[in-house]
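Okay, structure first, notes after.
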Protein chains: 2
Amino acid sequence: MEDSTIQDLTLLNSPVDQISHLAVDIGGSLIKMVYFSTNREKSVDKTQNNSSKDNLLSGRLYFLMFETSKINECLDFISSKQLHCRGVQHHGFPASDKNTIKATGGGAFKFADLFKEKLGISLDKVDEMSSLVSGANFLIKSVPSEAFTYVNGQRNYEQIDHNDLYPYLLVNIGSGVSMIKVDGDGKYERVSGTSVGGGTFWGLGKLLTKCKSFDDLLEMSHQGNNRVIDMLVGDIYGGSDYLKIGLTSTAIASSFGKAVSEDKELEEYRPEDVARSLLRMISNNIGQIAYLNALRFGLKKIFFGGFFIRGHAYTMDTISVAVDFWSKGEAKAMFLRHEGFLGALGAFTNYQLVEEFPCTAGHYNRNPLVEDLNDNGIIECCLRASN
Amino acid sequence: MEDSTIQDLTLLNSPVDQISHLAVDIGGSLIKMVYFSTNREKSVDKTQNNSSKDNLLSGRLYFLMFETSKINECLDFISSKQLHCRGVQHHGFPASDKNTIKATGGGAFKFADLFKEKLGISLDKVDEMSSLVSGANFLIKSVPSEAFTYVNGQRNYEQIDHNDLYPYLLVNIGSGVSMIKVDGDGKYERVSGTSVGGGTFWGLGKLLTKCKSFDDLLEMSHQGNNRVIDMLVGDIYGGSDYLKIGLTSTAIASSFGKAVSEDKELEEYRPEDVARSLLRMISNNIGQIAYLNALRFGLKKIFFGGFFIRGHAYTMDTISVAVDFWSKGEAKAMFLRHEGFLGALGAFTNYQLVEEFPCTAGHYNRNPLVEDLNDNGIIECCLRASN
């Protein structure tokens, strides 16, 4: 296992690297991409199953993100790297379906013609909810040290007992939020959702702070203090708690409520403080609605995914505290290292080629506040040809 | 019964008008006030109960609002009208406790010293949740044509069967939101709440639109189109629905999500459209969380109160549609004409003097978009001296 990120794109041009099996998840704000690459010649030793030896290919899954509004950059990238020529002949690997890739998310419909026209490839559409569930199940069951809780600023990686995984609530925070009750492989129901999601944080945040990017906004929130703008219980009660109903003086009574009575314009607030209040409001709200839905169905485990989280400490802390507060410790918020790629991974697993379990994941040395959207952990695994 | 509003303040100086029993609810953003006035000499005919005749006083309840940040205006008003001199001798009415008024809300703690210093009166604090519940029960049970549903732009006044009232969910949307399960008179539990409330709408709205007042913001939202800024399902799916999970192309996928990809600054959006998106986001969110809490306890009736609503058609429509959508028609959103005064009325009923049932309410000719916060319906009733 090597420390590596997909920033090492020059590697992809190495003659020994064979790239295949691209899957894309085209959301409202971001395009997420997963592809497989045999990054070195490696003998596959499957002594238990020699008959299939020739059909196994060892390699890595790589992850990439682009903004949906810059889809042409994504298409150019795919084209330049020939990522769509997935059916590379290698170790008996099939060359069929060269011109089709698995795709999910609304953009699989919206941009189908564009992919055809620009790259000459068809998008084989995989249902969005189905992809999210497949991706989450794959990560939780096949990738070690994937799921973790976040308590007091610490990631605690969890050993998930496969026999005790279902049912769970999957909360995918993309531009909007989907909440899915997962009962097994391919067994799920979208039970709720909210339009107050990552697109709200980014969109409202952009209007309020003039941030240049999502990560810029996250970085600002990191430096901010929400108490400057949020109305706390103590602000209403003259510094007192309202303990009769369990609210301390520092609990937020009204997000952005202080702006009502202060004679200040937007420009007079620090954008950092505005970003912080916004992040807190949205994270807390999602945590609360997730908890209420988990409660409906008696679910104790809530997995949060989606690009919104981005491993950001304050986001995970707020969600964890919200779930803990509302459930009085009964339910547990869990996060996934490859949180943003559930849909893309789910579409990828739809190729039905991933063979080796458990996979191993590259060391995940991620700075949550980095500018580069593409910083994500690789996963080592084996693919099996489907025919 | 007369058409009248508390704008007719000159009436209060008439020698035959005796003002008494002021109660205040001092919230984070607004001060709500209720007081009783014998606005004419009127014989009280209670043939069934002659013994108590002399202790009954016929009159009206009046309603007023001030911004909490302008509390001095409120104090000046109370002082100039001598509203705090409640113990007026009249028909054997007691003169005790001249220097004490019932008060609820956090400001009853925060501003107690100010009331003492400026007006020489003490605030007799009534618990906030208890006041909300007493106020709601009083309105629902004692004031005819108080509760209504809002469907397709129409108010449908409901006859509430007193024997079938409990349990219900009371959702009070002030600066923040409290959700209270009400099981009877004085029997209740605050089961949930959210910091995304009226203070969020007003505070964020002020930062985003530079509106001059809450009503200015509501008026703007009335003129706006949320689709300019909200990301709809169809925006992601290229105009298509996502019917497999019950979402039409016009459903909001991400509130404010369109601002992510559009290269526009805040000033390039119409404030009306921003206000509309904000109102939709917050109303829908409250409706959803309310429904999820009603579901927890099997409650079919949800009464919405609090100053946020202000009889605004779009707000009530969004909340009603949210409750109907999420509950698949099982739960019903209901509104109250005196929605903003639950706490103040509850504190008032704490005097335990209201006698005549049912009360009659003044014709409620309210324009939801008026500038004047004070436009509210009077209630005619009788008070009984407590000793």
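Throughout, read-outs are computed from the coordinates displayed, never taken from laboratory work. Values in this document were obtained by computation on a predicted structure and should not be read as measured data. Neighbour counts run over all protein chains shown; Cβ positions are idealised from the backbone, glycine included.
Below are the figures for this structure:
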quantity: For A:272-278, mean number of other protein chain Cβ atoms within 10 Å; calculated: 1
quantity: Segment A:136-223: equivalent-ellipsoid semi-axes (sqrt of 5 x gyration tensor eigenvalues, Cα, Å); calculated: 30, 19, 9
quantity: Radius of gyration and Dmax over the Cα atoms of segment B:259-322, both given in Å; calculated: 15.0, 46
quantity: Efficiency of FRET between B:ASP161 and A:SER80 - r from beta-carbon atoms, R0 60 angstrom, step 0.05; calculated: 0.25
quantity: Built amide H within the under 5 Å cut-off of B:PHE304, gap 5+; calculated: B:VAL171, B:MET334, B:PHE335, B:LEU336
quantity: Highest-first arrangement of A:142-148, A:28-34, A:246-252, B:182-188, where packing means the average Cβ count within 10 Å; calculated: A:28-34, A:142-148, A:246-252, B:182-188
quantity: Karplus 3J(HN,Hα) series, Hz, for segment A:219-236 with 6.51 cos²θ - 1.76 cosθ + 1.60 (x for Gly, Pro); calculated: 4, 4, 4, 4, 8, x, 10, 5, 5, 5, 10, 6, 8, 8, 3, x, 5, 7
quantity: Burial ordering of A:SER221, A:SER261, B:SER134, fewest other beta-carbon atoms within 10 Å first; calculated: A:SER261, B:SER134, A:SER221
quantity: Label 7 Å beyond Cα on the Cβ vector: A:ARG155 copy-to-copy distances, nm; calculated: 5.6
quantity: Binned Cα-Cα distance frequencies in segment A:167-212 - 5 Å width, integer %; calculated: 6, 22, 20, 16, 13, 9, 7, 5, 2
quantity: Within 10 Å of each Cβ in B:71-82, the average number of Cβ atoms from other chains; calculated: 0
quantity: Net lengthening on full extension, B:THR100/B:PHE297 (0.36 nm per residue, minus Cα-Cα); calculated: 67.0 nm
quantity: Segment B:123-186 - Rg and Dmax from Cα coordinates, angstrom; calculated: 13.1, 43
quantity: Rounded D (µm²/s) - segment B:230-287, Kirkwood Rh over Cα pairs, Stokes-Einstein at 20 °C, 1.002 mPa s; calculated: 175 µm²/s
quantity: Shielding of B:227-236 by partner chains, average beta-carbon count, 10 Å; calculated: 5
quantity: Estimated FRET transfer efficiency when R0 is 41 angstrom, pair A:ASN225-B:LYS141 (beta carbons, to 0.05); calculated: 0.35
quantity: Segments A:301-314, A:265-278, A:109-122 sorted - mean Cβ within 10 Å per residue, highest first; calculated: A:301-314, A:265-278, A:109-122
quantity: Long-range amide H partners of A:VAL126 with built H, under 5 Å; calculated: A:ALA103, A:THR104
quantity: Under 5 Å, built H, 5+ apart or other chain: amide partners of A:GLY193; calculated: A:MET179
quantity: Cα-based reach from A:LYS125 at 27 Å (exclusive), listing lysines while leaving out same-chain residues under 8 positions away; calculated: A:LYS32, A:LYS70, A:LYS81, A:LYS98, A:LYS102, A:LYS110, A:LYS116, A:LYS141, A:LYS181, A:LYS187, B:LYS244, B:LYS258
quantity: Integer Hz, Karplus 6.51/-1.76/1.60 couplings in order for segment A:306-319, x for Gly and Pro; calculated: x, 5, 4, 6, 6, x, 6, 4, 5, 4, 5, 5, 5, 5
